[in-house]
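Asks: Quick one: the structure is below, questions incoming.
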Amino acid sequence: MSRRAILLAAVAAVAAAAGARAVPPPASDFHDERTVVDGADTAGPLDIVSLAVAQDGDMLVLALRTRGRWTPAALAAPPGRSVCFVLGATTPLCLTADGRLSAGGAPVTAEVARTSRREVRVRLAPTNLGLAPGAEVSVGARTTWVGGRRCRPTAARPRPCVDVAPDAGTLSLRLVGVRPVGCGPVTPGLVLDAPAAGRTVALTFDDGPGESTPEVLRVLEAERVPATFFLIGREVAGREAVVRRMLADGNALGDHSWDHADLADAGPHGERELTETNAAIVRASGYQPCLFRAPFGATSPALIAEAGALGMLTVGWDVDPRDWARPGADAIFKRIVSAVHPGAIVLMHDGGGPREETAAALPRVIARLRAERYDFATVPQLLGLPVISTPAAHTRRRPPPAARRV
């Protein structure tokens, strides 16, 4: 048995002995949805059955179901086949043959899922489309199928099989500003990476908020990249606005202890360090962390179980450029891009000392990883943990209307 397996088995044993004391996740997430049902009005497998647009927390969700079965690879040939979402006057978002999303041939950062061979579901941040809270999202869908007896263009029928939904107008949804209040639920455990996540990586920053945090945030905002910040409890006071800015940008927050002490064998003192840091984060932002990162990466079964009892998963890393040693922006860049892999969790620092080298390397890291076709996610997103959000203002939620048929 590996050392990691032994550690996780010990964590489970300690957690069971400690009894159930897990912190319940925050209240359920914000959700608003519009759906239209489309009749049978074209031949070929891409006849649209239904189209839906939803806001799920802070994410925009687009879903399309067709009458027939198909695969993304089938869209590659013959030319002219397509499955696209049309959002107002923007360039249509179309599925590619490798199951990704593009706009005018340029890749779009989004999670694309095939729940069946008849349905595709897309989740993406509205900011990726330049949409802000309060914006009215108008959505339609258009599919084209070429081939087969009924969808092969001829002189008498030059057009292939095309379907749109709705047949008239669009589905409209007004985006609501939301604020994340936590994530979860979690069970005790230690995570170092998430290779099952595919070509997605999580950038993480430790020891803040600090003097370099605003510059790191400026880079992330300009690049529209989410990250995860593991915060030192004693550094939160006086920087509450920075913590709220982290959340407003779509980042996730984690607990990194009160004062960066080695807590592996700290016992009750370790529990106090975690609970006091969580309390500081909640006071500053209303966000309840579901992630814990041990200072120095020093863990033990007892510490991991304690974090789990407080509703937090322990998160390590598997790419470490040792930026805390200030080796220079070039070295930080090279160490990250040479070690990154699908599902990597990258360790960097925005606090604990001068971190201008990290901030200077960050734009180059993002550009290189994008060029290598990596996407970016927070750690909860990378691990598939639900992100819990509530309306940022006092917004009256209306029940979603029933699907309408056109």
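Asks: Among the residues of region 148-173, count how many are modelled with pLDDT under 90 and surrounded by fewer than 17 Cβ atoms within 10 Å (Cβ to Cβ).
Replies: The qualifying residues number 11.
Asks: To continue, here is another question. Got a sec? Which of Ala110, Ala132, Ala89, Ala76 is surrounded by fewer than 17 Cβ atoms within 10 Å (Cβ to Cβ) and under 20 Å from the mean Cα position of the chain (by Cα)?
Replies: Ala132
Asks: Within region 235-247, which residues are in contact (Cβ under 8 Å) with a residue 40 or more places away in the chain, surrounded by fewer than 18 Cβ atoms within 10 Å (Cβ to Cβ) and either part of a helix (DSSP H, G or I) or among the basic types (Lys, Arg) (or both)?
Replies: Across region 235-247, the qualifying residues are Glu240, Arg244.
Asks: Output the residues belonging to region 93-151 that are closer than 18 Å to Val53 by Cβ, touching a Lys or Arg at 6+ places or on another chain (Cβ under 7 Å) and in a strand (DSSP E or B).
Replies: Matches in region 93-151: Glu111, Val112, Ala113, Thr115, Glu119, Val120, Glu136.
Asks: Looking at region 347-357, can you tell me whether even one residue there is buried (at least 22 other Cβ atoms within 10 Å of the Cβ), in contact (Cβ under 8 Å) with a residue 60 or more places away in the chain and acidic (Asp, Glu)?
Replies: Within region 347-357, one or more residues are buried (at least 22 other Cβ atoms within 10 Å of the Cβ), in contact (Cβ under 8 Å) with a residue 60 or more places away in the chain and acidic (Asp, Glu).
Asks: Same structure again: Any idea how many residues of region 252-268 are surrounded by fewer than 21 Cβ atoms within 10 Å (Cβ to Cβ) and in a loop (DSSP other than H, G, I, E, B)?
Replies: 8
Asks: Here's another thing I want to ask about it. State the number of residues belonging to region 45-65 that are closer than 11 Å to Ala165 by Cα and either among the polar types (S, T, N, Q) or in contact with a Phe, Trp or Tyr (Cβ under 9 Å, 6 or more places away or on another chain) (or both).
Replies: So the answer is 4.
Asks: Applying the selection to region 39-58, what residues are farther than 29 Å from Asp249 by Cβ and either at pLDDT below 95 or surrounded by fewer than 22 Cβ atoms within 10 Å (Cβ to Cβ) (or both)?
Replies: Scanning region 39-58 gives Gly39, Ala40, Asp41, Thr42, Ala43, Gly44, Pro45, Asp47, Val49, Ser50.
Asks: Only one residue in Val108, Val86, Val61 is at pLDDT 95 or above and over 13 Å from Ala141 (Cβ atoms), so which one is that?
Replies: The match here is Val61.
Quick grid of which residues meet (1) basic (Lys, Arg); (2) in a loop (DSSP other than H, G, I, E, B); (3) not assigned by TED's automatic domain parsing to the domain that holds Arg150:
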site: Ala52; (1), (2), (3): no, no, no
site: Gln55; (1), (2), (3): no, no, no
site: Leu62; (1), (2), (3): no, no, no
site: Arg69; (1), (2), (3): yes, yes, no
site: Ala73; (1), (2), (3): no, no, no
site: Pro79; (1), (2), (3): no, yes, no
site: Val83; (1), (2), (3): no, no, no
site: Val86; (1), (2), (3): no, no, no
site: Ala89; (1), (2), (3): no, yes, no
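Asks: Quick check on my filter: what residues within region 199-219 are under 21 Å from Ala371 (Cα atoms) and in contact with a strand residue (DSSP E or B) (Cβ under 8 Å, 6 or more places away or on another chain)?
Replies: Within region 199-219, Arg199, Thr200, Val201, Ala202, Leu203, Thr204, Val216 meet the criteria.
Asks: Considering each of Ala302, Ala359 in turn, give the residue that is in contact with a Gly (Cβ under 8 Å, 6 or more places away or on another chain), in a helix (DSSP H, G or I) and either within 27 Å of Glu273 (Cβ to Cβ) or modelled with pLDDT of 95 or more (or both).
Replies: From the options Ala302, Ala359, the qualifying one is Ala302.
The values are calculated or read from the model by the stated rules, or taken from the named source; none is laboratory data. Being a predicted model, the structure only gives us computed values, none of them experimental. Positions of Cβ are generated from backbone atoms using ideal geometry, with glycine treated the same way; all protein chains shown enter the neighbour counts.
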